[in-house]
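Working notes, structure below.
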Number of protein chains: 2
Amino acid sequence: MSALHDHTHCIADALTRAEALCAERGARLTALRRRVLELVWSSHRPRGAYAILEDLSQQDGKAAAPLTVYRALEFLVEQGLVHRIESLNAYVGCADPGAVHSGQFLVCEGCGDAAEIDDPRVGTAIDAAAAERGFRVQRPTVEVRGLCKSCQENPR
Amino acid sequence: MSALHDHTHCIADALTRAEALCAERGARLTALRRRVLELVWSSHRPRGAYAILEDLSQQDGKAAAPLTVYRALEFLVEQGLVHRIESLNAYVGCADPGAVHSGQFLVCEGCGDAAEIDDPRVGTAIDAAAAERGFRVQRPTVEVRGLCKSCQENPR
DNA sequence: GGACATGACGTTACTTTATAACATCGTGCC
DNA sequence: GGCACGATGTTATAAAGTAACGTCATGTCC
């Protein structure tokens, strides 16, 4: 993600789509869950559960328990509104909830952004490789570490 | 991996190759590191650092510290002798050390085995997808969850 | 509208995974 | 032999995640 974009729009947009999707599915996007989703979306960088917890506690004044956040995250992941980045133990908002999720990410070592992509070639190649070995794919995970365009151009 | 194979051979083989590679590189495969490598290879299932630690402590009688194991694992991963499975927080022996590692795994939810593959189509697809977005790949991670052939045939 | 079922949230305690900081040991090199 | 450097030991602590159980809210059924 470019450093220059109207991120407020990203957040608002994500929340709107989440509301719509949950309403459609009869899933309960409670105030807490909405709040956690908002905090996950506070950047395009994957955020740890405890970072979110801290935000939550600061805003409310009262300290929330880890489980509070983990449960909300679990719900959001189940609904496909948030993805977990395994290699970072962190969570990031889904760019396109509702669509099929192949769970592919370009994770920048420079700025920390995780760009979600859905490249059919990658998905196809994984399916083919698995099929040849008689392996039934349930959940592919692709997390590519490297440097995003902007960080290559502006190294630190 | 099939449940029926001469696993002793796998271990011996892995150790032999590790010795050779380290000698070639001037890397020091100490007794401890060799030991940890052996324990990682005790199955084709990824093993957690603390599981290895436990084995180590049991065999030696004296309790080793976590850092002992983590440092050995760090060395082994650096040398490409062991891979870390991010989605499991666990480590597994590398099937083909010395070769280029694309870090692709088929992780079975049934038996827990992690089969390392190196499918050029997957690597190529990732490279292409990244290149189109101006992303410079440093370390791709592919961890596919699913069911291996044997577990599909013999469900529990 | 009240009893009930179900799911969401709170609380406490705990487990698992991982690292920091610093001391000591061991091996090779000159 | 003494030095340098990397490997290992030790202690303490951080970070990430879960179990068990209780309470509260929401909606449903009669």
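In peptide A:128-135, what is the residue-averaged number of other protein chain Cβ atoms found within 10 Å of each Cβ?
6
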- Packing-based order for B:11-20, A:103-112, using average beta carbon neighbours within 10 Å, highest first: A:103-112, B:11-20
- Item | Karplus 3J(HN,Hα) series, Hz, for region B:121-129 with 6.51 cos²θ - 1.76 cosθ + 1.60 (x for Gly, Pro) | 5, 5, x, 4, 4, 5, 4, 5, 4
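Averaged across the residues of B:91-98, what count of C-beta atoms belonging to other chains lies within 10 Å of each residue's C-beta?
What the average comes to for B:91-98 is 0.
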- Query: Given a Förster distance of 35 angstrom, what is the FRET efficiency for residue B:54 paired with residue B:24, based on the Cβ-Cβ distance and rounded to 0.05?
  - Reply: 0.60
- Query: Antiparallel DSSP bridges in region A:7-153: what percent, to the nearest 5?
  - Reply: 65 percent
- Considering amide H positions built from the backbone, and no H for Pro or chain starts, which residues 5 or more places from residue B:85, or on another chain, come under 5 Å of its amide H? B:90, B:91, B:92
- Message: Under 5 Å between amide hydrogens, which residues at least 5 positions from residue A:145 or on another chain qualify, with H placed 1.01 Å from N in the peptide plane?
- Response: A:107, B:138, B:139, B:141
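Please compute how much accessible surface disappears when A pairs with B, both sides summed, using a 1.4 Å probe, and round it to the nearest 100 Å². Numbers along the way, then the final one.
Working: alone 9550 and 9530 Å², together 16010 Å².
Buried area between the two chains comes out at roughly 3100 Å².
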- Message: I'd like the mean, over residues of A:143-156, of how many other protein chain beta carbons sit within 10 Å of each residue's own Cβ.
- Response: 4
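At 0.36 nm per residue, minus the direct Cα-Cα distance, what do residue B:16 and residue B:63 gain on full extension? Give it in nm, one decimal, please. Could you put the intermediate results ahead of the total?
Working: separation 47, 0.36 × 47 = 16.92 nm, distance 2.76 nm.
Taking 0.36 nm per residue and subtracting the Cα distance, the gain is 14.2 nm.
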- To the nearest 20 debye, what charge dipole does region A:7-153 have about its Cα centre, counting +1 at the Cβ of each Lys and Arg and -1 at the Cβ of each Asp and Glu? 400 debye
- Zero-based 10 Å bins, Cα pair distances in region B:21-84, whole percents: 21, 57, 20, 1
- Length-normalised contact order of chain A, Cα under 8 Å, at least 6 apart, in percent, tallies to 20 percent
- Message: How compact is region A:82-156 by the rule of thumb for globular proteins, expressed as Cα Rg over 2.2 N^0.38 Å?
- Response: 1.23
- Given Cβ charges of +1 for Lys and Arg and -1 for Asp and Glu, the option among A:85, A:41, A:63 whose Cα lies farthest towards the positive end of the dipole of region A:7-153 is A:63
- Other copies of residue A:50: label-to-label distances in nm, shortest first, labels 7 Å along the beta-carbon direction: 1.5
- Query: Taking θ as phi - 60°, what are the ³J(HN,Hα) couplings along region B:95-105 by the Karplus curve (6.51, -1.76, 1.60), each to the nearest whole Hz, with x for Gly and Pro?
  - Reply: 6, 9, x, x, 7, 5, 10, 9, x, 10, 9
- Query: Hey, what's the Cα Rg ratio for chain A versus the globular rule of thumb, 2.2 N^0.38 Å?
  - Reply: 1.11
- Residue by residue, what Karplus-based ³J(HN,Hα) values in Hz, rounded to whole numbers, does region B:109-120 have, using 6.51, -1.76 and 1.60 with θ = phi - 60° and x for Gly and Pro? 6, x, 9, x, 5, 10, 8, 7, 10, 9, 8, x
- Task: Taking the Cα atoms of the protein assembly as shown, report the difference between the largest and smallest coordinate on each principal axis, in whole Å and largest first.
- Result: 57, 51, 44
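The values are calculated or read from the model by the stated rules, or taken from the named source; none is laboratory data. Since the structure is predicted, the reported quantities are computational estimates derived from the model, not experimental observations. Because the Cβ atoms are built from the backbone with ideal geometry, glycine has one as well, and the counts that use them run over all protein chains shown. Note: accessible area is taken over every heavy atom of the protein model, side chains too, but ligands, DNA and RNA are not part of it. Shrake-Rupley method; radii C 1.70, N 1.55, O 1.52, S 1.80 Å.
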